[in-house]
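Enquirer: To start, I am sharing the structure in question, which I have written as structure tokens.
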Amino acid sequence: MKIAIIGYGKMGKAVEEIARSHGHETGLIIDLNNLSDLTTANLRKNDVAIEFSSPASAYGNVSACFDAGIPVVCGTTGWQEKMEEIRTRCEKEHKAMVYAPNFSLGVNILFCLNEKLAGIMNRFEDYRVSVQEIHHIMKKDAPSGTAIRLADDIIASLDRKSSWTMDTDPAVDAIPVKAIRADQIFGIHEICYESEDEKLILKHSALSRKGLAKGAVLAAEFIYDRTGFYSMQDLLQL
């Protein structure tokens, strides 16, 4: 399989390494210095694209892949306001896309555990819930897409919460979400339930970018001969 890589930062380079270790060929590589090469003709020379760019670029990059008729795996977060439009176009025009705020297998298992735990904790109103994420200082969006997903999934199951906030003095029905930026942190996410007597914490720590890259390459292999809009839960059958 020939893979186009859109966004050739640290994640793009990790994707390239993992893709080659899986026996795939790297085709088109798009970085800031060759954006003009992101054309329909160039994209069509590839079987699938993997996109890790920036919130400002993701919508246009995914649209370009749709225009070229090639499946796309997107891991860029921070552009949720355009996601429903992209999903609708994908389904209406029979395009193919896997989107995930985090391609780590461990994080996607964490999503399932988080949903299950929120359903259990709905009965125990004495426990306060919060979400915290820590990333490297180069991460542009805050909170992370993973933290937003975790908070949204809690809200769906916890009757006493209706929103999330980064405010230091949150409303009683809002989940406090804290985003910390520190050097060389690949990604830490925590969900904490705390009462006066104890704490219950779900936590995932990324030790390198390879976990994310492996998940993205698995997603590319999954989407290659499909149409539709998919998540990592579809791929992992979670």
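Enquirer: Please figure out what share of the DSSP beta bridges in region 126-238 is antiparallel and state it in percent, rounded to the nearest 5.
Expert: Looking only at bridges with both residues in region 126-238, the antiparallel portion is about 65 percent.
Enquirer: Out of every Cα-Cα pair in region 187-238, what percent are more than 15 Å apart?
Expert: Looking at region 187-238, the distances longer than 15 Å represent 64 percent of pairs.
Enquirer: Can you order the peptides 213-222, 83-92 by their average number of other Cβ atoms within 10 Å per residue, highest first?
Expert: Answer by packing, highest mean first, reads 213-222, 83-92.
Enquirer: For region 67-211, what is the Kirkwood estimate of the hydrodynamic radius, computed as the reciprocal of the mean inverse distance between distinct Cα atoms, to one decimal in Å?
Expert: Hydrodynamic radius (Kirkwood, Cα pairs) of region 67-211 is 16.5 Å.
Enquirer: Still on this structure: Region 11-133: D in µm²/s via Stokes-Einstein (Kirkwood Rh, Cα pairs, 37 °C, 0.692 mPa s)?
Expert: 197 µm²/s
Enquirer: Okay, moving on. Report the Rg/Rh value for region 3-50, based on alpha-carbon coordinates and the Kirkwood definition of Rh.
Expert: With Rg and the Kirkwood Rh in hand, the quotient comes to 0.95.
Enquirer: On to the next question. Cα-based count: Lys pairs in region 105-205 below 28 Å, eight or more positions apart or different chains?
Expert: 15
Enquirer: For the residues Trp164, Trp79, what sequence is obtained by ranking on other C-beta atoms within 10 Å, fewest first?
Expert: Arranged by neighbour count, lowest to highest, Trp164, Trp79 become Trp79, Trp164.
Enquirer: Here is a further query. Given H placed 1.01 Å from N in the peptide plane, which residues other than close sequence neighbours of Tyr230 have an amide H under 5 Å from its amide H?
Expert: So Tyr230 has HN proximity to Met97, Val98, Tyr99.
Enquirer: Right, next: Take Tyr230, Tyr224 and order them by how many other Cβ atoms sit within 10 Å, fewest up front.
Expert: Tyr224, Tyr230
Enquirer: Ranked by Cβ crowding within 10 angstrom, fewest neighbours first, how are Asp67, Asp153 ordered?
Expert: The order, fewest Cβ neighbours first, is Asp67, Asp153.
Enquirer: Now, a different point. Please enumerate, by chain and number, the aspartates and glutamates with C-alpha under 16 Å from the C-alpha of Lys92, excluding those fewer than 8 residues away in the same chain.
Expert: Answer for Lys92, where 16 Å is the Cα cut-off: Asp67, Glu84, listed by chain and number.
Enquirer: Please turn the phi angles of region 146-155 into ³J(HN,Hα) values with the Karplus equation 6.51 cos²θ - 1.76 cosθ + 1.60 (θ = phi - 60°), one per residue in order, whole Hz, x for glycine and proline.
Expert: Each residue of region 146-155 in turn: 5, 5, 4, 4, 4, 5, 4, 5, 5, 4 Hz.
Enquirer: In deg cm²/dmol, rounded to 500, what helix-only [θ] at 222 nm does the chain give when every DSSP H run of at least 4 residues adds -39500 (n - 2.57) and the total is split over its residues?
Expert: -11500 deg cm²/dmol
Enquirer: Percent antiparallel among DSSP beta bridges with both residues in the chain, to the nearest 5?
Expert: Within the chain, antiparallel bridges account for around 35 percent of the total.
Readers should treat all values here as calculations from the given coordinates under stated rules, not as data from a laboratory. Keep in mind it's a predicted model, so treat the numbers as computed, not measured. A quick note on method: Cβ atoms are made from the backbone with ideal geometry, for glycine too, and the neighbour counts reach across all protein chains shown.
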